[in-house]
Amino acid sequence: MAVIGNIAIGASVNTKGLAADLKAAEMKLGAFGSAVNGLGSSLKAVGPALAAVGAGALVFTALKASVGTAVDLEKAMTGLSKASNAEGTTLEILKGQLYGLSTELKGVPLDNVLAIATSLSKMGVANDQLVEQTRGVAMLTTALDDIPAEQVADQIGKLNAIFKLGSKGALQIGSALDKIADSGLSSADGILDVTSRVSGTANAMHIGAGETMAMAAALLDTGTSAEQAGSSINNLLMNMVDVSNHADFAKTAGLSVEDFSKLVAGKPMKAVEAFLGGLERLDAAGQLAALSSAGITAQERQAALQKMAQQTQKLAEYTAMAGDEFRTLNQIQQSYDKTAANSSSVFTQFSNNLQIAMGHIGDGLLVLIKPVVWFLNKALEGFNALAGWIRGGSGGTIPATVAQSPKAAAVAMAASGQGDAKAEGSAGSESAAATLSKDVASMEKDLRLQIATFGKSSDEVQIYKLALEGASAAQLANAKSLLAQLSGMEKQKKAMEDQVEIQNRMKEEGKSIWEATRTPLEKYTAEVERLKGLLAGGAIDAETFGRASTAAAGELMPDKKAAGTDGPTHAAALTAGSAEAYSAQLRFIAQGNGGKDESIKEVAKEAPKQTDLLRQLLAEMRRTANGKSGMPAELFNF
């Protein structure tokens, strides 16, 4: 370090040819000293210019922020325009109303207001209702502060569409959700998640949105995960709507089958509460037996519903809360009022006003943005070139901004010269060459690693890296052992997964073969049983049952063109004298799971032709009794 006058000079030298470089440096020091006086006067002239640059930088920062705000708002309004199909004057009016809404509400950022409006438009909210519904959802976001605004708009909007609650639906759902979350152990986010999973089944059973949220909260309060809660409630509702399960549900609830069926049809939530209340009164074994008989057999779902049964009283409380909030909307208004009184909410309102003002300024600048940016780019290019030249300190071409000042040019020439010594603008700065050298070294290291580990497995690469980092032989051996164990575990897992897949394929193939080999009579019997269940459950009427049964019986009849008759297979077999074939079919009936002649009766009662079949059968039985029949006698040993 050398000191000339009041200026400290730092120099770095190349160790090659040190003596020659020192002589060159000594000569340049003399030239540099003569240029110092001129540099001092130049700095005095530059001072005011630097002050002007500082003030200009502040103005530029403000303008840049305004332009950025305008661009962001323009992007948001473009998204709203695409979602709502609003353009021109309509879009400008909508924009003004939403901007006004953001300055009216407290605690709701302008960006959230625009995002909520866009989400609601995507869900089909009409433009004339958009501002009012945006107001409601925006108020919700201040109360449900643990859920992002866009998620609130999206999920509550979808629930509103599923349950068809109308223009106030979002507020009703949000108010009930906030009340239940504040009154229990579950978060609003979790309740909303489970409600979304169950909403389709619940709505199909005519269970309301508030009641669905009550069930979700009651089960989540027990520590059940959202996924398990949704699955268990869905399974409960789907089994409850099945008429064939009503007897088992009614038994647990302590009601007659008729009364329970009426509850399911008219007041399904009361049916749920009655069943859970009855389940709560049973011991553990009784609960499992009741759930299994009602069609709920999965252990995880049984465990979840056992816990839910202990929440029967809480479920009733949540249901009442939800109903009250759907009528009054008290909770959402109270929560908004409390949030609006916070200092942060007032500041958010101020920020919205500031953001809108900056947007207006930016809108005016956007027209000039291209020429302004072009000019600023040129100015910054010149400044960066000068800074880079000073920082690098090389003997290259002097930037034009420096060359315009003779004194500055003299200083620059004196500082650069022909030798290897270079004056640095700051002793603590790192030269571009040093940075480049580091980057090259890092790249070289990565390439060497890739070459050394080419073709190796991932485990071998990890061992190689550990060796490079200085791991001991014992550490490397231990690492190899652990990696081998991990690899073995992964192989076992893969083998188990493959075995499960094979078993599933075999089951599917077996089912396919079973379906393909079922006799027409088996298919007919199964179809009639299915139709009986639908008739008993009220899904079809008697006329439909008769038509479907006749159609199913048609499967037992031969092809008219091939056989030349439209009679049943049994009658056709007797007419043709094929007693053995008919005997084989009847033997199947006699050995089936139902009554000995149940399937024959099902066929016979459908049409007069099948009645004739029964008559022929009885006649054949009489001949068998006299020993005159050609049919095997053991067929009739029922």
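The values are calculated or read from the model by the stated rules, or taken from the named source; none is laboratory data. Predicted, not measured: the structure shown is a model, and the values here were computed from it. We place every Cβ from the backbone using ideal geometry, glycine too, and count neighbours over all the protein chains shown. The accessibility values were calculated without ligands, DNA or RNA, using every heavy atom of the protein model including side chains. Shrake-Rupley method; radii C 1.70, N 1.55, O 1.52, S 1.80 Å.
I need a count of the residues in the stretch 291-313 that are small (Gly, Ala, Ser) and open to solvent by less than 10 Å² (accessible area, probe 1.4 Å).
3
Any residue that is assigned to a loop (DSSP other than H, G, I, E, B) and among the aliphatic types (A, V, I, L, M) - is there at least one of those in the stretch 147-158?
yes
Taking the condition open to solvent by 30 Å² or more (accessible area, probe 1.4 Å), touching a residue at least 60 places away in the same chain (Cβ under 8 Å), of a type in the set (A, V, I, L, M) and not assigned by the TED database to the domain that holds LEU120, does LEU171 pass? Full working, then the answer.
Numbers: open to solvent by 30 Å² or more (accessible area, probe 1.4 Å): yes; touching a residue at least 60 places away in the same chain (Cβ under 8 Å): yes; of a type in the set (A, V, I, L, M): yes; not assigned by the TED database to the domain that holds LEU120: yes.
Criteria met by LEU171.
Restricting attention to the stretch 187-225, which residues are under 20 Å from the mean Cα position of the chain (by Cα) and under 10 Å from TYR318 (Cβ atoms)?
Once the filter is applied, which keeps residues that are under 20 Å from the mean Cα position of the chain (by Cα) and under 10 Å from TYR318 (Cβ atoms), the stretch 187-225 yields ILE191, MET213, ALA216.
Looking at the stretch 210-226, is at least one residue among the hydroxyl-bearing types (Ser, Thr, Tyr), farther than 18 Å from LEU185 by Cα and open to solvent by 10 Å² or more (accessible area, probe 1.4 Å)?
So the first thing to find is which residues in the stretch 210-226 are among the hydroxyl-bearing types (Ser, Thr, Tyr), and the list is 212, 222, 224-225.
Okay, now just the ones that are also farther than 18 Å from LEU185 by Cα, so none.
So far as the stretch 210-226 goes, no, none of its residues is among the hydroxyl-bearing types (Ser, Thr, Tyr), farther than 18 Å from LEU185 by Cα and open to solvent by 10 Å² or more (accessible area, probe 1.4 Å).
Would you be able to say whether some residue in the stretch 330-350 is in contact (Cβ under 8 Å) with a residue 12 or more places away in the chain, crowded, with 16+ Cβ neighbours inside 10 Å and not in a helix (DSSP H, G or I)?
no
LEU192 - would you say it is closer than 30 Å to GLY295 by Cα and either in contact with a helix residue (DSSP H, G or I) (Cβ under 6 Å, 6 or more places away or on another chain) or among the hydroxyl-bearing types (Ser, Thr, Tyr) (or both)?
yes
When you scan the stretch 289-307, how many residues do you find that are within 20 Å of HIS246 (Cβ to Cβ) and either aliphatic (A, V, I, L, M) or without any contact (Cβ under 8 Å) to a residue 40 or more places away in the chain (or both)?
Residues meeting the conditions: 9.
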